[in-house]
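Asker: Below are the structure tokens for one structure; questions will follow.
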Amino acid sequence: MEQYDVVIIGAGPGGMTAAIYTQRSSLKTLMLEKGAPGGKMMTTWEIENYTGFGNISGFELSEKMFNHTQELGVEYRYGDVTNIVDKGEFKEIHTAGGEVIETKAVIIGTGTVPRSTNAPGESKFSGKGVSWCAVCDGAFFKDRTIAVIGGGNSAIEEAAFLAKTVKHITVINILPTLQADAVAIDELNETGKADYLLGYEVKSFNGTDQLESLTIENVETKEQQELEVEGAFVFIGQIPETSFCKDLGITNKWGYIEVDENMATKVPGIYAIGDVCDKELRQIITAANDGSIAAIQVGKYLGKSNKVW
């Protein structure tokens with residue numbers, strides 16, 4: 001059985017920052033990731049509020065962070081974690097590939113996944129007109145009419161990005177107002193390509209082989225109408241990736257992990273960072289902050305930041 005001082009689950013900005021700190025503290029560190037290093041940061045077109053960079057793409061910032069971990073010699077590999085078993089002084093990390101990894105401490109930074117509308121046809125037309133990533137799929141909808149579902153910053157900012165290539169965007173939001181900040185809304189409006197259906201819910205995604213229309217319903221009147229679109233991008237929130245650790249009793253009723261000011265969970269030796277935590281602000285910079293705090297606390301928890309197996 002492989003043995004480490006700390007296993008970091010997730011290679012987003014929080015996980016990579018934690019790995020830099022633990023590696024520099026001479027802790028035997030393993031960083032596991034089931035996707036690409038960077039997490040959601042990889043699919044963010046522009047980042048304008050990460051201190052010191054001004055304007056940078058999510059891909060570029062992800063690459064810089066990952067390269068930093070590798071320059072320091074952080075061990076990194078693919079791993080889809082299915083369970084964490086608390087055995088007191090040691091924890092067992094179980095993966096979908098049948099691996100069992102023993103570690104003294106765990107830092108969970110698995111982030112979130114997009115929330116689904118659960119409307120009929122959404123999964124059927126996934127990759128056939130329905131998407132949850134503007135950067136990934138926007139180019140496929142050049143000069144086409146699309147819908148963006150959601151009213152928060154993610155929805156409006158992604159709509160502004162899509163406006164660079166698409167013909168027209170209809171923003172559909174279940175609430176009667178937008179929740180995005182004024183700057184994001186102004187940026188979208190300045191494109192001249194957007195209109196809004198506020199107080200409407202998507203009831204179904206329609207088509208034969210490709211998405212052709214949406215059935216939407218007025219929340220108040222219950223009146224339904226059909227909106228012809230060639231694409232629909234869904235940005236209605238996130239679901240924490242915590243199914244593998246729910247048996248530990250560290251999540252709240254929404255699945256987010258509860259931590260204290262030291263990023264510690266109620267299980268000694270297990271920490272959580274970034275978007276997966278129950279917190280108010282979920283940003284790249286706050287995830288990185290969480291990662292540094294958790295890494296320092298792991299060193300203190302182990303009581304011997306320069307001793308490995």
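The numbers here are math on the coordinates, done by the rules we state, and not lab data. Only a predicted model underlies this, so the values are computations on that prediction, with no experimental measurement involved. Positions of Cβ are backbone-derived with ideal geometry, glycine not excepted, and every protein chain shown enters the neighbour counts.
Asker: What's the exposure ranking of Thr103, Thr43, Thr208, going from fewest to most Cβ atoms within 10 Å? Write down the numbers at each step before the final one.
Answerer: Values: Thr103 24, Thr43 18, Thr208 7.
Ranked by crowding around the Cβ, least crowded first: Thr208, Thr43, Thr103.
Asker: Where both partners of a DSSP beta bridge lie in region 130-234, what percent of those bridges are antiparallel, to the nearest 5?
Answerer: Values: 12 of 28 bridges.
If I count the DSSP bridges inside region 130-234, around 45 percent turn out antiparallel.
Asker: To test your reading of the geometry: what angle, between 0 and 90 degrees and rounded to tens, separates the Cα axis of helix 58-71 from the longest principal axis of the chain?
Answerer: Tilt of helix 58-71: around 10 degrees.
Asker: Please compute the net charge surrounding Glu201, taking Lys and Arg as +1 and Asp and Glu as -1 over other residues with Cβ under 12 Å from its Cβ.
Answerer: Values: positive: Lys203, Lys222; negative: Glu217, Glu220, Glu223.
That works out to -1.
Asker: Treat the count of other C-beta atoms within 10 Å as a stand-in for reagent exposure and order Trp132, Trp45 from fewest to most. Mind dumping the intermediate values first?
Answerer: Numbers: Trp132 20, Trp45 16.
Sorted ascending by nearby Cβ count, the order is Trp45, Trp132.
Asker: Taking a ≥ b ≥ c as the square roots of the Cα gyration tensor eigenvalues, with a/c under 1.5 meaning rounded and otherwise prolate when a/b beats b/c, else oblate, which class fits region 130-234?
Answerer: Numbers: a/c = 1.90, a/b = 1.08, b/c = 1.77.
Oblate, since a/c reaches 1.5 and b/c is not below a/b.
Asker: Calculate how many DSSP beta bridges within the chain are antiparallel, expressed in % of all such bridges and rounded to the nearest 5. Numbers along the way, then the final one.
Answerer: Working: 28 of 64 bridges.
If I count the DSSP bridges inside the chain, around 45 percent turn out antiparallel.
Asker: With a Förster radius of 30 Å, plug the Cβ-Cβ distance of His68 and Val183 into 1/(1 + (r/R0)^6) and report the FRET value to the nearest 0.05.
Answerer: Details: r = 30 Å, r/R0 = 1.01.
E between His68 and Val183, to the nearest 0.05, is 0.50.
Asker: So, one more: Please give the calculated 222 nm ellipticity per residue for the chain, where each DSSP H segment of at least 4 residues contributes -39500 (n - 2.57) and the sum is spread over every residue; nearest 500 deg cm²/dmol?
Answerer: After summing the helix terms and dividing by the residues of the chain, the value is -6500 deg cm²/dmol.
Asker: So what's the angle, to the nearest 10 degrees on a 0 to 90 scale, between helix 284-302 and the longest Cα principal axis of the chain?
Answerer: Tilt relative to the chain: about 20 degrees.
Asker: Which whole-Hz couplings ³J(HN,Hα) result when phi for each residue of region 139-156 is put into the Karplus expression 6.51 cos²θ - 1.76 cosθ + 1.60, θ = phi - 60°, listed in order with x for Gly and Pro?
Answerer: So the Karplus estimates, Gly and Pro as x, are 4, 6, 10, 4, 6, 10, 9, 9, 10, 10, 9, x, x, x, 4, 4, 4, 6 Hz.
Asker: Which loop-located GluC sites (Glu not before Pro) does region 216-270 contain, where loop means any DSSP state but H, G, I, E or B and the Cβ has at most 10 other Cβ atoms within 10 Å?
Answerer: Working: sites: Glu217, Glu220, Glu223, Glu226, Glu228, Glu230, Glu241, Glu258, Glu261; in loops: Glu220, Glu223, Glu230, Glu241, Glu258, Glu261.
Filter output for region 216-270: Glu220, Glu223, Glu261.
Asker: Once amide H atoms are built 1.01 Å from N in the peptide plane, which residues 5 or more positions from Cys277, or in another chain, come under 5 Å H to H?
Answerer: So Cys277 has HN proximity to Ile257.
Asker: State, to one decimal in nm, how far the label point of Glu223 lies from the label point of Lys167, with both points 7 Å from Cα in the Cβ direction.
Answerer: 2.6 nm
Asker: Using a cut-off of 16 Å between alpha-carbon atoms, which lysines can reach Lys167, once sequence neighbours fewer than 8 places away in the same chain are excluded?
Answerer: Straight-line reach from Lys167, under 16 Å: Lys142, Lys193.
Asker: While we're looking at this one, here's another question. Please report the net charge: other residues with Cβ closer than 11 Å to the Cβ of Ser57, K and R +1, D and E -1. Please report the intermediate quantities before stating the final value.
Answerer: Details: positive: Lys64; negative: Glu46, Glu48, Glu60, Glu63.
After counting each charged neighbour, the total is -3.
Asker: Among Ile293, Ile56, Ile273, whose mean-square fluctuation peaks in a Gaussian network model of the chain (Cα, cutoff 10 Å)?
Answerer: The residue that fluctuates most here is Ile56.
Asker: Mind jotting down a quarter of the surface of the convex hull over the alpha carbons of the chain, in square nanometres, one decimal?
Answerer: Details: hull surface 67.4 nm².
Taking the Cα atoms of the chain, their convex hull projects to 16.8 nm² on average.
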